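The values are calculated or read from the model by the stated rules, or taken from the named source; none is laboratory data. Remember, predicted model here, so these are calculated numbers, not experimental data. Cβ placement follows ideal geometry from the backbone for every residue including glycine, while neighbour counts extend to all protein chains displayed. The accessibility values were calculated without ligands, DNA or RNA, using every heavy atom of the protein model including side chains. Shrake-Rupley method; radii C 1.70, N 1.55, O 1.52, S 1.80 Å.
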Amino acid sequence: MAGLVADVPAVEGTWLSGDGDGWIDLYITNLGSNQLYRNRGDGTFEDVTADAKADDPRWSTCAAFVDYDRDGDLDLYVSNYVDFETDPERECYASSSARDFCGPDAYTPVPDRMFRNRGDGTFEDVSVAAGINKEFGAGFGVPLDPELKVIPIGESELLRDGDDAVIVAYGTLVHPALEAAAELAPEGISAAVLNARFAKPLDVARIEALARRCPALVTLEEAAAPGGFGAAVLEALSAAGIGVRARCLAIPDQVVGHGDPGAARRSFGLDRAGIARAVLELIQSGER
């Protein structure tokens with residue numbers, strides 16, 4: 001009745017709200033295709049594995065939701081075991097020559113998988129970009145910090161330091177900000193990336209310190225520009241008497257049509273390329 005159906009041997013279940021709606025969802029690791037069940041909030045679940053693009057067809061042993069890119073959305077890490085399907089009938093023997101169960105050393109280990117939460121109910125496989133696909137091992141768990149760490153209210157996080165520009169990102173655009181900074185580096189541009197974490201209260205002291213040091217500043221938010229996060233940053237800098245070339249990237253004050261969220265963000269310059277372009281234009285405007 002709850003809608004939980006497993007057609008393959010299940011290994012473990014991980015409970016957490018992966019879509020941010022407050023209801024606890026369930027990710028089941030299996031000997032075979034994994035399953036992501038979305039909590040409908042009425043005592044039932046819906047299999048959204050295919051739509052969410054969060055499947056792993058191998059032998060997965062454990063999973064964990066963790067915000068690895070610090071964009072506010074919980075990403076998914078899947079620990080994989082060994083390649084069992086290639087030779088499921090393999091015969092193994094103990095030191096006494098008696099028939100025995102096959103241990104993990106009898107099979108080829110497989111790499112884990114990392115899925116980045118896009119923030120729209122779907123995931124993106126970033127295993128290759130993260131280098132996880134090159135690490136082979138018979139994983140049997142996902143180690144996390146034994147203790148939860150308190151994040152003081154109003155405290156930002158400097159993810160990357162730089163002197164030529166500072167990108168102050170809020171919410172879902174933290175990861176694209178890091179990608180943009182990495183793209184600018186080969187051009188000789190050193191861009192700092194600050195994960196604001198909070199829109200109110202702002203970490204005014206850290207933002208002011210970076211703005212005094214960097215000649216260009218770009219704010220990022222996936223929200224309406226008027227009266228938004230970027231406006232609050234500029235107001236704080238104005239109050240402190242800090243003059244810096246700045247640009248606020250956000251959703252313009254207009255009706256946004258329904259469609260692919262990624263395409264919409266790209267159209268407003270809220271992706272890696274758009275952010276890098278805005279930083280480069282600001283820096284070049286000061287060189288004229």
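Observations on the model:
- Principal-axis tilt of helix 174-184 within the chain, Cα atoms, nearest 10 degrees: 70 degrees
- Summing +1 for each Lys or Arg and -1 for each Asp or Glu among the other residues whose beta-carbon sits under 14 angstrom from that of ALA180 gives -2.
- Largest-first principal axis extents, alpha carbons of segment 201-251, Å: 27, 21, 15
- Efficiency of FRET between ARG70 and VAL128 - r from beta-carbon atoms, R0 22 angstrom, step 0.05: 0.60
- The value given for segment 149-242 is a Kirkwood hydrodynamic radius of 13.3 Å, derived from the mean inverse Cα-Cα separation.
- For the pair ILE151 and ASP42 in one chain, pulling the backbone fully straight at 0.36 nm per residue adds 36.0 nm over the alpha carbon distance.
- Using 0.36 nm per residue and subtracting the Cα-Cα separation, the extra length available between LYS53 and SER190 on full extension is 45.9 nm.
- Nearby lysines by direct alpha-carbon distance to LYS53 (threshold 27 angstrom, same-chain neighbours under 8 apart not counted): LYS134
- Square roots of five times the Cα gyration tensor eigenvalues for segment 186-288, Å: 23, 18, 12
- Element breakdown for segment 183-288 at a 1.4 angstrom probe: carbon and sulfur atoms account for 51% of the accessible area.
- Calculated log₁₀ intensity ratio I(q)/I(0) where the Debye formula runs over C-alpha points of segment 50-120, q = 0.12, 0.29 Å⁻¹: -0.47, -1.27
- Projection of the Cα convex hull of the chain, averaged over all directions and equal to a quarter of that hull's surface, yields 20.0 nm².
- In this Cβ point-charge picture (+1 for Lys and Arg, -1 for Asp and Glu), the chain has a dipole of about 1060 debye about its Cα centre.
- Between segment 33-95 and segment 227-288, the Cα center-to-center distance that results, in Å: 37 Å
- Residues of segment 52-83 with amide N under 18 Å of a point placed 7 Å along Cα→Cβ from ASP260: 52-54
- Carbon and sulfur %, accessible surface of segment 42-179 computed with the full protein complex present, 1.4 Å: 52 percent
- The Cα atoms of segment 80-192 define a convex hull whose projected area, averaged across directions, is 12.2 nm².
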